[in-house]
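**Student:** The structure follows.
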Amino acid sequence: KIGDSMVFTKQSENKDIVDLLLNQLIEEQYKDTAYPEYYRLSICWKDELRKYILDNNLTYQKLVEKLSKAGCTKRYVTIRSWLDRESHIVGPRDIEDYETIRQLVGLEDSAENIKKGCEEIRSSRMKILGLLGKAIINGMFTDNKDSLSKLIYEKAENLTQIEQITSINDSEINTSVPIYMVNKPCNA
């Protein structure tokens with residue numbers, strides 16, 4: 001509607017603002033905590049599974065069959081979404097899936113540690129996403145921010161552009177955007 005605001009991502013290599021902010025926080029504020037290790041664990045299983053696919057010249061369907069034989073009960077769509085680079089999925093929720101992947105590709109880290117790392121990073125991403133939304137909205141209306149919100153807003157300010165809708169042109173063409181395309185770059 002007229003008067004609504006839209007948030008756009010400024011051009012950057014990483015179009016995932018949450019991931020960009022998470023990396024900056026890990027490199028700056030959280031570098032002396034367990035978070036760098038959590039982050040490593042949250043991406044190592046994906047990298048190793050992708051490497052396994054390439055090394056063994058597998059299709060996703062063949063990978064799903066191998067994982068199924070090893071005990072993973074997830075469907076093709078789920079497993080493919082885990083490995084999609086544009087997906088914001090941090091990792092499976094079930095310890096059994098991590099154990100199956102760990103055994104299949106030969107990961108050295110325990111399934112428990114990988115799951116813990118993924119849970120911590122998933123939780124951090126959700127907190128950052130919430131703070132990012134609040135920081136952008138609060139930044140549009142007020143200058144009173146707590147220190148973490150202020151930090152997120154300052155970083156977000158360099159990564160986003162807010163535009164207010166001033167007019168809407170009716171089109172004869174009815175268009176809609178599927179939900180899976182929201183928050184993803186679109187090539188028009």
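**Student:** Taking S87 and the conditions (1) without any contact (Cβ under 8 Å) to a residue 12 or more places away in the chain; (2) loosely packed, with under 15 Cβ neighbours inside 10 Å; (3) assigned to a helix (DSSP H, G or I), which numbered condition does it fall short on, given that it satisfies the others?
**Tutor:** (3)
**Student:** What's the total number of residues in the range 52-65 that are part of a helix (DSSP H, G or I), open to solvent by 80 Å² or more (accessible area, probe 1.4 Å) and farther than 11 Å from V105 by Cα?
**Tutor:** Result for the range 52-65: 3.
**Student:** Identify the residue in the range 101-128 that is of a type in the set (A, V, I, L, M) and surrounded by 17 or more Cβ atoms within 10 Å (Cβ to Cβ) and, among all such residues, is farthest from T73 (Cα to Cα).
**Tutor:** Among those that are of a type in the set (A, V, I, L, M) and surrounded by 17 or more Cβ atoms within 10 Å (Cβ to Cβ), it is I128.
**Student:** Can you pull out the residues in the range 17-29 that are surrounded by fewer than 18 Cβ atoms within 10 Å (Cβ to Cβ) and at pLDDT below 90?
**Tutor:** Within the range 17-29, D19, N23, Q24, E28, Q29 qualify.
**Student:** Would you check which residues across the range 1-51 are in a loop (DSSP other than H, G, I, E, B), among the polar types (S, T, N, Q) and more than 17 Å from I152 (Cβ to Cβ) and list them?
**Tutor:** Q11, T33
**Student:** Now, a different point. Could you please let me know if G71 is surrounded by fewer than 18 Cβ atoms within 10 Å (Cβ to Cβ), of a type outside the set (D, E), modelled with pLDDT of 80 or more and at positive phi? Talk me through it step by step, then tell me what you get.
**Tutor:** Working: surrounded by fewer than 18 Cβ atoms within 10 Å (Cβ to Cβ): yes; of a type outside the set (D, E): yes; modelled with pLDDT of 80 or more: yes; at positive phi: yes.
Judged against the criteria, G71 is a match.
**Student:** Report every pair of residues separated by at least 6 positions or lying on different chains whose Cβ atoms are under 6 Å apart, first residue within the range 25-41 and more than 19 Å from E112 (Cβ to Cβ) and free of Cβ contacts under 8 Å to residues at least 40 places away in the same chain, second surrounded by 12 or more Cβ atoms within 10 Å (Cβ to Cβ) and of a type outside the set (S, T, N, Q).
**Tutor:** Every condition considered, the pairs that remain are I26/Y35; I26/P36; I26/Y39.
The values are calculated or read from the model by the stated rules, or taken from the named source; none is laboratory data. As the structure is a prediction and not an experimental result, all values here were calculated from the model. Please note: Cβ atoms are built from the backbone with ideal geometry, for glycine as well, and neighbour counts cover all protein chains shown. Remember, those area values only see protein heavy atoms, side chains included, never the ligands or the DNA or RNA. Shrake-Rupley method; radii C 1.70, N 1.55, O 1.52, S 1.80 Å.
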